[in-house]
Amino acid sequence: MAERKRLVAGNWKMNGLRADALALARNVVARARQPHRCELLVCPPATLLAVVGEALAGSDVALGGQDCHAEPKGAFTGCISAEMLKDAGCSHAIVGHSERRHTCGETDADVRAKTLAGWRAGLIAIVCVGEIRAEREGGRAMSVVEAQIAGSLPDGATSQNLIVAYEPVWAIGTGLTPTMADIAEMHAAIRARVPLDARILYGGSVNPKNAGEILALEDVDGALVGGASLKADDFWAIAQACE
Ligand code: PEP
């Protein structure tokens, strides 16, 4: 079996103006000059893709978008296509993040269409799945995630075009995390439903303190990091936990 190289991806969400984004990106690039065994990716807001992309040039830190529209172009005010992300220098696009599923009402079918759009543009889709708290407490976490996987992943997924991020909604931005046993169980279940060697990231309140334990789990191939990715020190500490 091919080695699954770990990926630590930063989702900056709706944070950053040009000056602080540039400083953060330069800081990440400076740290990434040191030896590291994981891939690094930052996903800034669309307004910052150009400035961050310039800061990342010549480094091995990749650039990603936080979402894309399913259509390549057209009358979709405020939206950004996968082709536009590619044109801006992105290699990856996050799709199906819980903040889009739950605040924008995106369905599995929408996520599937966006995944296909990402592939059409030559992007690697990072497809997010995860249960809400009531589903976890009601013992339905596994069936919810299995249904999201079935509904969100199109045919044609490979380890080259797909990364799955398991992000329990109740763990995002809350400081809460599932038990290691729960993460391991969910990642193993996802592993059985995705192409061999596709990477599965964990996301939800990953920080420098808990990253080592989470990233040591067998089926955890990296982390999707929100809040902690806004501090270069913390993002780098999480990357180092991959060692
Ligand atoms: C996220 O939004 O993908 C995320 C994991 O956020 P946080 O790390 O802040 O919980």
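See the values below:
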{"read-out": "Spatially proximal lysines relative to LYS209 (Cα-Cα < 21 Å; intrachain offsets below 8 disregarded)", "value": "LYS231"}
{"read-out": "Kirkwood Rh, angstrom, segment 110-185 [1 / mean 1/r, Cα pairs]", "value": "13.3 Å"}
{"read-out": "For segment 182-243 versus segment 98-171, the gap between their alpha-carbon centres in whole angstrom", "value": "16 Å"}
{"read-out": "Rotationally averaged projected area of segment 1-98 (alpha carbon convex hull; nm²)", "value": "7.6 nm²"}
{"read-out": "Principal axis dimensions, the chain - Cα atoms, whole angstrom, descending", "value": "45, 44, 36"}
{"read-out": "Percent of C-alpha pairs per 5 Å bin, segment 115-243, short to long", "value": "2, 11, 21, 23, 20, 14, 8, 1"}
{"read-out": "For segment 72-129, convex hull volume per residue from C-alpha positions, Å³", "value": "81 Å³"}
{"read-out": "Rg/Rg_ref, segment 145-188, where Rg_ref = 2.2 N^0.38 Å and atoms are Cα", "value": "1.35"}
{"read-out": "Nearby lysines by direct alpha-carbon distance to LYS86 (threshold 16 angstrom, same-chain neighbours under 8 apart not counted)", "value": "LYS73, LYS114"}
{"read-out": "For segment 46-164, fraction of C-alpha pairs farther apart than 24 Å, in %", "value": "29 percent"}
{"read-out": "Options ASN11, ALA30, ALA75, ranked by Cα towards positive dipole end of segment 1-115, top entry (Cβ charges)", "value": "ALA30"}
{"read-out": "Set of segment 189-204 residues, backbone N closer than 11 Å to the point 7 Å along the Cα-Cβ line of LEU217", "value": "189-190, 201-204"}
{"read-out": "Estimated [θ] at 222 nm from DSSP helical runs (n ≥ 4, -39500 (n - 2.57)) normalised by residues in the chain, nearest 500", "value": "-10500 deg cm²/dmol"}
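Coordinate-derived values only; no laboratory data. Values in this document were obtained by computation on a predicted structure and should not be read as measured data. Virtual Cβ from ideal backbone geometry, glycine too; neighbours counted across all protein chains shown.
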